[in-house]
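Here's the structure, in structure tokens; my notes come after.
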Amino acid sequence: MRLHATETPDTHLQPGLAGQPHRIVERDGVRYTLLGTAHVSKASVDAVRGAVASGAFDTVAVELDAGRLQALTDPDSMAKLDLVQVIRDGKTAMFAANLALAAYQRRLAEQLGVEPGAELKAAAHDARERGLALHLIDREVGLTFKRARQKLGWWDRAKLGGGILAALFVDEEVANDEIEKLKQGDLLEASFGEFAGGNPALYEAVIAERDRYMAARLRESADAASGAREVLAVVGAGHLAGMAKHLAEDRAAPDAVKRELEAVKPKSRVPWMELAIAAFLLGGFAWGFWKGGVDVGADLIVQWVLATGILGAIGCAIAGGHPLSILSAFVASPLTPLHPALASGTVSAFVEATLRKPTYADFLALRDDVNTVRGWWRNRVARVLLNFFLTSLGTAIGVWTGGLRMLGKLV
């Protein structure tokens, strides 16, 4: 096996590669040409189209998963979602993260006049047009998000959630340093960095793991049965060095690498945090009844219900929730600490999406509406997300307030 890497012009290179950052790895009778692109560069689009059109490659691989390719090629794909089912499946936060990524990409497109990822879209389109084998080699963005979250502590997770929420509302230009990172790096790295304030703990899941994953997918897509001999892989320039290293050196079977990097730690079968909060809450009520009698115990329960229920309902009301959504937030908020299935934000958002079911037009207008504050309350999809986040925030504040009051009375 031989590794050959160069980023300098070469008269023997295929059209589209001269002057472009790239690596060439030969392994097991297959030559992999990794073409590094800037996700916000028209020159990268031209380079990709020239390379695909050169006729030098029988296979094209792109740094995309099926969901991201669909989002690039079908802007209306989000309109086909069943928001009620999204909430029922507990994927509201993931939906919000994808929406924040779309909003970030839109800001870049408006600022620079180039659609982020246009070169990946062009590679996929031209490969299909020319009848070349096309492989999507990136890990599904939801898995990357989940594995990234698992590497963060609770405070960094809270910052990540807050960053995603802020990205949904912010409509300011992307900073120049972020644009420079995009020219040399990776779109997901830049967007996750914006959401999480550039937390270095995200690097492993967002970049390093995906280098290994995409290298494994390349080896898998070019197995003996595929007949691939000349593979063009279009990836962000920030992945070149890592992917070339893994392509040349990794010995583990591609399937084993994929299984390792797709695994998500299962939630603990014993919800220790929920049990601790529930034990404190129920123990506090029991202590109140035992030490102070019915009056003190009942007073503790009433204060808890009012503190959590009112603040959860206020959050829902600020989000413009339906009266029944507000009522459901008030009822669910005091019960939220007792069981995750009773989370007030999920309950109120589900009621809101059921009573005010988003229309096809709401989904089509979503990307435009989330760019204005008024649009968030006008668009039913956006308003359901607001309901989820603001009700959850109100309940969280209520839990802390009610817990501190209970602790004060018991002490």
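The values are calculated or read from the model by the stated rules, or taken from the named source; none is laboratory data. Being a predicted model, the structure only gives us computed values, none of them experimental. Methodologically, a virtual Cβ is constructed for each residue, glycine included, from the backbone with ideal geometry; neighbour enumeration extends over all protein chains shown. Each accessible area value is taken on the protein alone, full model and side chains, heavy atoms only, with ligands, DNA and RNA left out. Shrake-Rupley method; radii C 1.70, N 1.55, O 1.52, S 1.80 Å.
In this structure, does ARG405 turn out to be within 25 Å of the chain's Cα centre (by Cα), of a type outside the set (Ser, Thr, Tyr) and open to solvent by 70 Å² or more (accessible area, probe 1.4 Å)? No.
Kindly check whether there is at least one residue in the range 374-388 that is out of contact with any helix residue (DSSP H, G or I) (no Cβ under 7 Å at 6 or more places or on another chain) and closer than 19 Å to LEU99 by Cα. Scanning the range 374-388 turns up at least one residue that is out of contact with any helix residue (DSSP H, G or I) (no Cβ under 7 Å at 6 or more places or on another chain) and closer than 19 Å to LEU99 by Cα. Among the residues of the range 311-329, those that are open to solvent by less than 40 Å² (accessible area, probe 1.4 Å), touching a residue at least 24 places away in the same chain (Cβ under 8 Å) and either on the phi > 0 side of the Ramachandran plot or part of a helix (DSSP H, G or I) (or both) comprise GLY312, ALA313, GLY315, CYS316, GLY320, SER325, ALA329.
Looking only at residues of the range 383-402 that are crowded, with 20+ Cβ neighbours inside 10 Å and of a type in the set (Val, Ile, Thr), we find that the one that is farthest from GLY288 (Cα to Cα) is VAL384. Sub-6 Å Cβ pairs linking a first residue in the range 283-310 that is closer than 22 Å to ALA332 by Cβ to a second residue that is of a type in the set (Lys, Arg) and open to solvent by 40 Å² or more (accessible area, probe 1.4 Å), at least 6 apart or interchain, are GLN303/ARG405, ordered by first then second residue.
State the number of residues belonging to the range 48-64 that are open to solvent by 10 Å² or more (accessible area, probe 1.4 Å) and either in contact (Cβ under 8 Å) with a residue 12 or more places away in the chain or among the charged types (D, E, K, R) (or both). Number of matching residues: 7.
Checked against the criterion of being open to solvent by 40 Å² or more (accessible area, probe 1.4 Å) and in contact with an Asp or Glu (Cβ under 7 Å, 6 or more places away or on another chain), the range 366-382 has at least one qualifying residue. Checked against (1) modelled with pLDDT under 70; (2) open to solvent by 40 Å² or more (accessible area, probe 1.4 Å); (3) more than 16 Å from the chain's Cα centre (by Cα); (4) not basic (Lys, Arg), ALA109 passes all but condition (2).
Candidates are the residues of the range 249-287 that are open to solvent by 60 Å² or more (accessible area, probe 1.4 Å) and among the basic types (Lys, Arg); the one that is modelled with the lowest pLDDT is ARG269.
Across the range 112-137, the qualifying residues are those that are modelled with pLDDT of 85 or more and either part of a strand (DSSP E or B) or within 19 Å of the chain's Cα centre (by Cα) (or both), and the one among them that is nearest to ALA237 (Cα to Cα) is LEU120. Of all the numbered requirements in (1) outside any loop (DSSP other than H, G, I, E, B); (2) modelled with pLDDT of 80 or more, MET78 misses one, and that requirement is (2).
Would you check if there is a residue in the range 356-369 being in contact with a helix residue (DSSP H, G or I) (Cβ under 7 Å, 6 or more places away or on another chain), hydrophobic (A, V, I, L, M, F, W, C), modelled with pLDDT of 90 or more and within 25 Å of ALA97 (Cβ to Cβ)? Checking the range 356-369: not a single residue is in contact with a helix residue (DSSP H, G or I) (Cβ under 7 Å, 6 or more places away or on another chain), hydrophobic (A, V, I, L, M, F, W, C), modelled with pLDDT of 90 or more and within 25 Å of ALA97 (Cβ to Cβ).
Filter the range 219-248 down to the residues that are open to solvent by less than 40 Å² (accessible area, probe 1.4 Å) and part of a helix (DSSP H, G or I) and list them by number. Hits for the range 219-248 are ARG219, SER221, ALA237, GLY238, HIS239, LEU240, GLY242, MET243, ALA244, HIS246, LEU247, ALA248. From (1) open to solvent by 10 Å² or more (accessible area, probe 1.4 Å); (2) modelled with pLDDT of 90 or more, pick out the condition that doesn't hold for ALA349. Just one mismatch for ALA349, condition (1). Kindly evaluate ALA216 against the criterion of being open to solvent by less than 30 Å² (accessible area, probe 1.4 Å), at pLDDT 75 or above and either assigned to a helix (DSSP H, G or I) or not basic (Lys, Arg) (or both). Yes: the conditions hold for ALA216. Checking each residue in the range 347-374 for being part of a helix (DSSP H, G or I), touching a Leu at 6+ places or on another chain (Cβ under 8 Å) and not aliphatic (A, V, I, L, M) picks out only PHE363. Of the residues making up the range 351-396, just one is within 11 Å of ALA319 (Cα to Cα), touching a Gly at 6+ places or on another chain (Cβ under 6 Å), without any contact (Cβ under 8 Å) to a residue 60 or more places away in the chain and of a type in the set (D, E, K, R), namely GLU352.
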